[in-house]
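Structure first, commentary second.
Bear in mind these aren't lab numbers, they're just calculated from the coordinates by the rules spelled out. Computed from a predicted model, the values in this text were never measured in an experiment. Cβ atoms come from the backbone with ideal geometry, glycine included; neighbour counts cover every protein chain shown.
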Amino acid sequence: MAKAKQRSSSASQRREEVKKQRQQRITSSQNRQSQPRGSGRGRSKQKQRPWGLVVGTLLVIAAVIGVFIYLSHQSTGTGTGGGNTGSTPTSPSVLNAVTHVSPTVLANVGTGGQQKILVSLKGGSPSILLGPRGKPEFFYMGAEYCPFCAAERWAVVVALSRFGTFSKLNQTTSSATDVYPNTPTFTFYQSTYTSQYIDFVAVEETTNQPDGSGGYTTLQTPTAEQQNLISKYDGPPYLSSAGSIPFIDIGNQYVMQGANYSPDVLSGHSWQDIAHDLSNSDSPVTKGIVGSANYLTAAICLATNQQPASVCKADPVPQIEQSLGKSAFNAGGAQVGLGAPLSQAVIRRPE
C-alpha cells in the first residue's frame with residue numbers, strides 16, 4: 001500500500017514537472033516573437049526613417065540652390081556691378097523660335113529694305129578686337145530701359161545664334177514711361193552664350209526700374225578698357241552721335257549705334273507674337289528683325305574670316321558683305337540707313 005502511494009506521488013510530481021516545463025517553453029516562445037517590435041534596435045529604425053527623409057530632402061534643396069547660384073554667375077557681360085532687374089526666364093518656345101530662324105526666311109527677307117547700317121573701321125586700320133577667349137569680339141552696350149536697345153536685341157540674338165548658342169537668356173521690357181513703352185525684348189545681363197567663332201561681350205548699364213532721381217537703377221558699369229572703346233568709337237568721326245546706345249562693335253571692324261528699325265514695329269506684340277511672326281518673311285516684324293540680323297551676320301563673317309562657311313556663304317550674306325566695304329557715315333555728318341530718324345533711333349547715355 002505504501003509503495004502504491006509512493007508511486008502515485010512520484011507520478012503526480014512528474015506530471016507537475018512536465019506541466020511546468022511546457023509552460024516555460026510557451027512563455028519563452030512568446031518573448032522571442034515580441035522582441036523585434038519592442039527591442040531598442042527596432043525602435044531606433046522606426047525613429048530614423050523620418051529623420052533620414054528630412055536630411056535627404058535638405059541635401060537635395062541645398063544642391064538645387066548651389067546649382068542656381070552657379071548659373072546666376074554665368075554671364076556674357078564683363079562689366080562690373082549688378083542690381084535688381086525685372087527680367088524673367090524666356091519661354092522655351094520663344095527662345096527656340098528666335099535662335100532657329102529658318103534659312104529660307106533669312107534668305108527671303110534679305111536686308112528687309114534697310115540700307116547700309118554698319119560703319120567700317122578698316123580705313124583707320126584698328127587692331128582687331130579680341131574677346132576673353134581669343135576670338136573676334138562682338139561687343140554690345142545698352143540698357144534695359146532703352147526701347148531702341150530692346151528692338152535691336154532681337155536682331156542680335158538672331159544673328160549670334162547662327163554662330164553659337166544662347167543657353168540662358170531672360171526676357172524683359174523697355175521702360176514703361178519712355179518712348180515706345182514696354183517694348184518686349186531680352187536682356188543680356190547674366191546671359192550665357194558659347195561659340196567657337198566669336199566672343200560675345202555685353203554690358204547692360206541700367207535696369208528698366210526708376211531709381212527715384214529721374215534715372216534708372218544701375219546694373220553694370222563698363223570696365224576701363226570697355227569705356228576706352230566706347231569713348232573712341234561711339235561718336236564722331238565714326239558715328240554721328242557721341243555716347244549713344246545701343247552701341248555695337250564687331251571686332252573693331254564695324255560699329256553701329258541705334259536701332260536699325262523702329263521699335264514701333266513691335267508695339268502691341270507679346271514675345272510669343274513676335275516669335276510666331278519670325279516664320280513669316282512678309283511680316284513687318286520679321287523684316288525689321290531679320291533684315292538687321294542679316295547685316296550683323298555679314299559683319300561677323302568678315303570678322304571671322306568667313307567662318308563658318310555654312311553661314312557665311314548662305315544668301316543673302318555674300319551680297320550684303322559687298323556693301324559693307326565703305327563707311328555709312330557720309331561727309332555731311334549724318335549716318336544713313338537707319339530705320340528711324342537719328343533723334344529717334346538712339347538714346348544718349350547718361351553722363
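Computed quantities for the displayed model
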| item | result |
| --- | --- |
| Cα→Cβ-extended label distance, 7 Å offset, between Ala176 and Glu225, nm | 3.9 |
| Ser270-Lys122 pseudo-label distance in nm [points 7 Å out on the Cα-to-Cβ vector] | 4.5 |
| Gained length - Lys232 relative to Asn305, 0.36 nm times residue gap less alpha-carbon distance | 23.8 nm |
| Cβ-derived FRET efficiency at R0 51 Å, Gln319 paired with Asp211, nearest 0.05 | 0.65 |
| Mean shadow area of segment 98-148, taken as a quarter of the surface of its Cα convex hull (nm²) | 6.3 |
| Distant-in-sequence amide H partners of Gln190 (H built 1.01 Å from N, under 5 Å) | Thr76, Gly77 |
